[in-house]
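Trainee: Take a look at the following structure, please.
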Amino acid sequence: EDVNANLVLNKIQHGGDEADGDKVDLAEQSLLNKLIRRSLVKNRNQVEVQQADPSSPLFSVKTFQELRLKPELLQGVFTMGFNRPSRIQENALPMMLAEPRQNLIAQSQSGTGKTAAFSLAMLSHVNPDNNWTQCLCVAPTYELALQIGQVIELMGKFCPNVKLAYAIRGSRMERGVKLQEQIVIGTPGTVLDWCTKYKLIDPKKITMFVLDEADVMIAMQGHRDQSIRIHRLLNKSCQMLLFSATFEDSVMKFAERVISEPNIIRLKREEETLDTIKQFYVLCREKEDKFTALCNLYGCLTIAQAMIFCHTRKMAGWLAASLIKEGHQVALLSGEMTVEQRANVIERFRNGNEKVLVTTNVCSRGIDVEQVSLVVNFDLPVDMEGNADNETYLHRIGRTGRFGRRGFAVNMVDSKRSMDIITHIEMHFNRKITKLDTSNLEEME
Ligand code: ADP
């Protein structure tokens, strides 16, 4: 608690007035998701498969045994606690392991098993008797490369002859001496150096190339170009695999440029819905008044966990400090915290160490905290022009009331302008937002 309280105080001293919304770092977001992810993301949607050759039979597997993996690899998979393939893995794994080799573009949201899938494919692909690099995997950042490496090391625990090297900043290598590791994973710049400048890898001997987090990669201009340059060094016959959490046109254009005759597998994100959520608004004057209203909601805060959204770091810091003063156990997520600090805060909140999480929007993007049953918009979600941001609203509220559970959303309205925003959101989703009197909370029962 003390650590957290100190963090909170720190935030208050250094907290900015500006919206915490413009500094979304995709690579950091992705790392945060990985750090806090403990299991597969639930997704009931159907996988869409588009085959390069529609006349070839389409295989999918329901068990890992069907893949006829080397026994030591299968043992690794089971030791990780994977009992059966995830949705995306059911189709992606047989495709990646098939002969003749096929190229693949796969898209599904973070947490659906992509990394595990291509790690398995690489481990299965390499010939451990050949002491040269056969699989090359590029990821956007040092930290993300390490995360993938950890999965490969765990899964390959019983494959002692398969070795892995990290092509990341700080790895000092002797020029011209070829690596013996069968798998190399790294960031585009270092991988490119290792192939060209240092000649540690013979790109013509690479038979499987994995490009992970393509959407993050192309958002980083240098990475995009370097990835294309690496790709050009490879043989045409090299198997190309590309993964992405999102599937905008820009990602697809890039993917098709790098990958010829691809199979495409997509698992659409499960739609967020407001159907199981009761929405309210509370009329308030200024922030102190909002704070009082929030404290009146405390009855609800104790029965479950709550997330409270603020617009600025400064407001989030003030609110967290005020709640702590009232004796509440509060966690605070704020933009200037490191990814590790944020992962730690989320982990504690998930474990129930704190009942309330105060956050700015940017910090919480993409984070699912399923046990949250109350979401409070201390500040309403607005875009740069100050208009209602429906998408963010849905995303904030949609995290409660998931999987059939009932959830509550409470919006603090402090001006005519914010009342207009509520009306707008109400019309947009065609769902009633009811006025709530926080001194009489029977309506919430
Ligand atoms: P992504 O790369 O799509 O973000 P990951 O491969 O990192 O997804 O998987 C997300 C989480 O699910 C990880 O904690 C991973 O260990 C776990 N996981 C992956 N595949 C399976 C599986 N078949 N069964 C159970 N858990 C799995």
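The values are calculated or read from the model by the stated rules, or taken from the named source; none is laboratory data. Keep in mind that this is a model prediction, so the values were computed, not measured. Neighbour counts run over all protein chains shown; Cβ positions are idealised from the backbone, glycine included.
Trainee: Could you figure out which of (1) within 27 Å of V216 (Cβ to Cβ); (2) in contact with a Phe, Trp or Tyr (Cβ under 6 Å, 6 or more places away or on another chain); (3) not polar (S, T, N, Q) isn't true of E72?
Mentor: With respect to (1) within 27 Å of V216 (Cβ to Cβ); (2) in contact with a Phe, Trp or Tyr (Cβ under 6 Å, 6 or more places away or on another chain); (3) not polar (S, T, N, Q), E72 is out only on (1).
Trainee: Filter region 237-255 down to the residues that are touching a residue at least 24 places away in the same chain (Cβ under 8 Å) and of a type in the set (D, E, K, R) and list them by number.
Mentor: The answer is E248, and nothing else.
Trainee: Here is a further query. Would region 362-378 turn up any residue that is in contact with a Pro (Cβ under 9 Å, 6 or more places away or on another chain), under 28 Å from M427 (Cβ atoms) and modelled with pLDDT of 90 or more?
Mentor: Checked region 362-378: no residue is in contact with a Pro (Cβ under 9 Å, 6 or more places away or on another chain), under 28 Å from M427 (Cβ atoms) and modelled with pLDDT of 90 or more.
Trainee: Let me ask another. For S39, all conditions in the list (1) surrounded by fewer than 13 Cβ atoms within 10 Å (Cβ to Cβ); (2) near the ligand (Cβ under 8 Å from one of its atoms); (3) more than 23 Å from R350 (Cα to Cα) hold save one; what is the number of the exception?
Mentor: It fails just one condition, (3).
Trainee: Output the number of the condition that Y281 fails; it satisfies all remaining conditions of (1) in a loop (DSSP other than H, G, I, E, B); (2) under 25 Å from N390 (Cβ atoms); (3) among the hydroxyl-bearing types (S, T, Y).
Mentor: Condition (1) is where Y281 drops out.
Trainee: Could you tell me which residue of region 210-254 is surrounded by the fewest Cβ atoms within 10 Å (Cβ to Cβ), considering only residues that are of a type in the set (V, I, T) and more than 18 Å from T196 (Cβ to Cβ)?
Mentor: Taking region 210-254 and keeping what is of a type in the set (V, I, T), we get 210, 216, 218, 228, 230, 246, 251.
Then keep just the ones that are more than 18 Å from T196 (Cβ to Cβ); that gives 210, 216, 218, 246, 251.
Working: V210: 25, V216: 24, I218: 23, T246: 16, V251: 21.
Among them, the one singled out is T246.
Trainee: If a residue must be surrounded by fewer than 16 Cβ atoms within 10 Å (Cβ to Cβ) and at pLDDT 85 or above, how many such residues does region 53-71 contain?
Mentor: The number of residues fulfilling the criteria is 11.
Trainee: In addition: Evaluate the following for S108: is it within 10 Å of the ligand (Cβ to nearest atom), touching a helix residue (DSSP H, G or I) at 6+ places or on another chain (Cβ under 7 Å) and not basic (K, R)?
Mentor: Against the criterion (within 10 Å of the ligand (Cβ to nearest atom), touching a helix residue (DSSP H, G or I) at 6+ places or on another chain (Cβ under 7 Å) and not basic (K, R)), S108 qualifies.
Trainee: Suppose we keep only residues that are assigned to a helix (DSSP H, G or I) and out of contact with any Lys or Arg (no Cβ under 9 Å at 6 or more places or on another chain) within region 58-73. Which one would you say is farthest from the ligand (Cβ to nearest atom)? Before you say what the answer is, go through the steps one by one.
Mentor: Just the residues of region 58-73 that are assigned to a helix (DSSP H, G or I), to begin with: 65-67, 71-73.
This time we only want the ones that are out of contact with any Lys or Arg (no Cβ under 9 Å at 6 or more places or on another chain), so: 65-67, 71, 73.
Values: Q65: 13, E66: 13, L67: 12, P71: 18, L73: 14 Å.
The qualifying residue farthest from the ligand (Cβ to nearest atom) is P71.
Trainee: If you don't mind, there's one more thing I want to ask. Hey, among the residues in region 74-85 that are in contact (Cβ under 8 Å) with a residue 24 or more places away in the chain and surrounded by 17 or more Cβ atoms within 10 Å (Cβ to Cβ), which one's nearest to the ligand (Cβ to nearest atom)? Break it down stepwise before answering.
Mentor: Residues of region 74-85 in contact (Cβ under 8 Å) with a residue 24 or more places away in the chain: 75-77, 79-80, 82, 85.
Filter once more, so that each one left must be surrounded by 17 or more Cβ atoms within 10 Å (Cβ to Cβ): 76-77, 82, 85.
Details: G76: 12, V77: 8, F82: 4, P85: 5 Å.
Result: F82.
Trainee: Within region 99-112, can one find any residue that is farther than 25 Å from S260 by Cβ, part of a strand (DSSP E or B) and not aromatic (F, W, Y)? Before you say what the answer is, go through the steps one by one.
Mentor: Of the residues in region 99-112, the ones farther than 25 Å from S260 by Cβ are 109-112.
From what's left, part of a strand (DSSP E or B): none.
The answer is no, given that none of the residues of region 99-112 is farther than 25 Å from S260 by Cβ, part of a strand (DSSP E or B) and not aromatic (F, W, Y).
Trainee: Check A304 against each of (1) surrounded by fewer than 19 Cβ atoms within 10 Å (Cβ to Cβ); (2) in contact with a helix residue (DSSP H, G or I) (Cβ under 8 Å, 6 or more places away or on another chain) and name the one condition it does not meet.
Mentor: (2)
Trainee: Cβ-Cβ distance below 9 Å, separation of 6 or more or different chains: which pairs start in region 36-60 with a residue that is within 17 Å of S110 (Cα to Cα) and end on one that is aromatic (F, W, Y) and away from the ligand (no atom under 16 Å from the Cβ)?
Mentor: Correct list of pairs: K42/F403.
Trainee: For region 212-250, name all the residues that are of a type in the set (F, W, Y) and either within 13 Å of the ligand (Cβ to nearest atom) or at positive phi (or both).
Mentor: F243
Trainee: Could you go through region 86-102 and let me know if any residue there is closer than 17 Å to A116 by Cα, surrounded by fewer than 19 Cβ atoms within 10 Å (Cβ to Cβ) and within 12 Å of the ligand (Cβ to nearest atom).
Mentor: For region 86-102, residues closer than 17 Å to A116 by Cα, surrounded by fewer than 19 Cβ atoms within 10 Å (Cβ to Cβ) and within 12 Å of the ligand (Cβ to nearest atom): absent.
Trainee: Here's a follow-up. With the requirement that a residue be among the charged types (D, E, K, R), out of contact with any helix residue (DSSP H, G or I) (no Cβ under 7 Å at 6 or more places or on another chain) and more than 18 Å from L154 (Cβ to Cβ), what does region 59-83 give you?
Mentor: E66, R68
Trainee: Oh, and also: In region 160-209, how many are touching a residue at least 60 places away in the same chain (Cβ under 8 Å), crowded, with 20+ Cβ neighbours inside 10 Å and within 18 Å of A121 (Cβ to Cβ)?
Mentor: Selection size over region 160-209: 4.
Trainee: Looking at region 113-147 only, could you name the residues that are among the acidic types (D, E) and part of a loop (DSSP other than H, G, I, E, B)? Break it down into steps so the answer makes sense when it comes.
Mentor: At the first step, the residues of region 113-147 found to be among the acidic types (D, E) are 129, 143.
Within region 113-147, D129 is the sole residue that qualifies.
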